[in-house]
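**Student:** For reference, the structure I am asking about is given below.
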Amino acid sequence: MSPIGIFDSGYGGLTILHGVRHLLPEYDYLYLGDNARAPYGPRSFDVVYEFTRQAVIKLFDMGCQLVILGCNTASAKALRTIQQVDLPKIDPERRVLGIIRPTAEVIGQLTKSRHVGVLATEGTIKSESYNLEIQKLYPDIVVSGVACPFWVPLVEYNEADSPGADYFVKKRIDQLMRLDPNIDAIILGCTHYPLLMPKIVKYVEPGIRIIPQGEYVAESLKNYFLRHPEMEQKCSKGGNVEYLTTENPDKFRESAQIFLHEHVDVKNITLA
Ligand code: DGL
């Protein structure tokens, strides 16, 4: 068994898993949420890198040949070092992919005004990863970003639909639109944010496109497999999904239901 590993600090990566499974249901998946140490958003570069490295090694030990960092914060702060420094030492044949690049790649087709907004965690915004990736591909696009520190806890504590969530959602969208009123596409650069979609839609002007990542990451993986048949062949196909968490499995089961609308079996593991 060689499932595709999907890693996130907590539950957010489930929106990536959902999108990927929808397009590529034939593969096996192993999801790992580092719930005991989430959120990663406010954590330093070194800490996010170290936690992510541990998670990748765990997923490799459990048989994954390919791991997707289904977390923008980990993609922003750890992906490059893991690819360049760790992978050659651990196993140069295995692969770790992130989710910022696939999102940046599609943005060129999704904006007419060439003004794009990014809503993400503090860590992702501070890393400037979206600006850098988009600028590399589309130098004509102007990127503005706003950090939304309370959005992840709203989702994790099941408050995404509560009246209190409106205040925080509106505040950050208004802030983004004040930064650049010409924005016509907003990237939800955190995998938790699709859960706030009903509120986001309420405060974003009609005509502005809201871009969650799941379907684009799925398309990009499909494409990757076409370009890398040797990796595609290594990934087992049984349609199974397994879940691992570093926290209490009961809590994970309950929250996963909110994200996936299905009951999941989950095991506890330790990362070190
Ligand atoms: N879901 C993660 C992301 O996409 C962030 C959650 C966290 O702060 O841990 O950035």
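Read-outs throughout are calculated quantities, based only on the coordinates presented, and are distinct from any laboratory measurement. The structure presented is a predicted model; accordingly, all values stated were derived computationally and were not measured. A quick note on method: Cβ atoms are made from the backbone with ideal geometry, for glycine too, and the neighbour counts reach across all protein chains shown.
**Student:** For Val143, which of the numbered conditions (1) more than 10 Å from the ligand (Cβ to nearest atom); (2) crowded, with 20+ Cβ neighbours inside 10 Å; (3) touching a residue at least 40 places away in the same chain (Cβ under 8 Å) fails to hold?
**Tutor:** The one condition Val143 does not meet is (3).
**Student:** Could you grab me the full set of residues in segment 51-97 that are without any contact (Cβ under 8 Å) to a residue 12 or more places away in the chain and not β-branched (Val, Ile, Thr)?
**Tutor:** Quick first cut of segment 51-97, residues without any contact (Cβ under 8 Å) to a residue 12 or more places away in the chain only: 61, 80, 84-85, 87-89, 92.
Answer for segment 51-97, where residues must be without any contact (Cβ under 8 Å) to a residue 12 or more places away in the chain and not β-branched (Val, Ile, Thr): Asp61, Arg80, Gln84, Leu87, Pro88, Lys89, Pro92.
**Student:** For segment 83-119, enumerate the residues that are assigned to a loop (DSSP other than H, G, I, E, B) and of a type in the set (Lys, Arg). Working first, answer last.
**Tutor:** If we filter segment 83-119 for residues that are assigned to a loop (DSSP other than H, G, I, E, B), which is where we start, we get 91-94, 98-99, 111-114.
The answer is Arg94, Lys112, Arg114.
**Student:** Any chance you could count how many residues in segment 226-258 are more than 13 Å from Gly33 (Cβ to Cβ), in contact with a Ser or Thr (Cβ under 7 Å, 6 or more places away or on another chain) and part of a loop (DSSP other than H, G, I, E, B)?
**Tutor:** The number of residues fulfilling the criteria is 2.
**Student:** Scan segment 91-107 residue by residue and report those that are surrounded by 15 or more Cβ atoms within 10 Å (Cβ to Cβ) and either more than 16 Å from the ligand (Cβ to nearest atom) or closer than 19 Å to Gly33 by Cα (or both). I'd like the intermediate steps shown before the answer.
**Tutor:** The first filter runs over segment 91-107 and keeps only residues surrounded by 15 or more Cβ atoms within 10 Å (Cβ to Cβ), leaving 94-107.
If the condition is that a residue be surrounded by 15 or more Cβ atoms within 10 Å (Cβ to Cβ) and either more than 16 Å from the ligand (Cβ to nearest atom) or closer than 19 Å to Gly33 by Cα (or both), then Arg94, Arg95, Val96, Leu97, Gly98, Ile99, Ile100, Glu105, Val106, Ile107 are the ones that fit.
**Student:** Kindly list the number of the only condition in (1) touching a helix residue (DSSP H, G or I) at 6+ places or on another chain (Cβ under 7 Å); (2) closer than 30 Å to Val118 by Cα that fails for Tyr224.
**Tutor:** (1)
**Student:** Just checking, how many residues over segment 173-211 are surrounded by fewer than 21 Cβ atoms within 10 Å (Cβ to Cβ), closer than 19 Å to Thr124 by Cβ and not hydrophobic (A, V, I, L, M, F, W, C)?
**Tutor:** 2
**Student:** For segment 155-168, how many residues are in a helix (DSSP H, G or I) and over 19 Å from the mean Cα position of the chain (by Cα)? Full working, then the answer.
**Tutor:** Within segment 155-168, the subset in a helix (DSSP H, G or I) is 155-156, 163-168.
After this cut, where a residue has to be over 19 Å from the mean Cα position of the chain (by Cα) as well, the list is 163-168.
Of the residues in segment 155-168, 6 are in a helix (DSSP H, G or I) and over 19 Å from the mean Cα position of the chain (by Cα).
**Student:** Considering only segment 3-24, I want to know if a residue exists there that is under 20 Å from Glu230 (Cα atoms), aromatic (Phe, Trp, Tyr) and in contact with a helix residue (DSSP H, G or I) (Cβ under 9 Å, 6 or more places away or on another chain).
**Tutor:** Checked against the condition, which is being under 20 Å from Glu230 (Cα atoms), aromatic (Phe, Trp, Tyr) and in contact with a helix residue (DSSP H, G or I) (Cβ under 9 Å, 6 or more places away or on another chain), segment 3-24 yields no hits at all.
**Student:** Tell me the residue from Lys251, Lys222, Lys267 that is closer than 29 Å to Glu26 by Cα, within 18 Å of the chain's Cα centre (by Cα) and exposed (fewer than 15 other Cβ atoms within 10 Å of the Cβ), please. Outline the logic, then answer.
**Tutor:** Details: Lys251 fails: within 18 Å of the chain's Cα centre (by Cα); Lys267 fails: within 18 Å of the chain's Cα centre (by Cα).
Criteria check complete, one pass: Lys222.
**Student:** Can you name the condition, by its number, that Pro149 falls short on among (1) more than 10 Å from the ligand (Cβ to nearest atom); (2) surrounded by fewer than 16 Cβ atoms within 10 Å (Cβ to Cβ)?
**Tutor:** Only one criterion is unmet by Pro149, namely (1).
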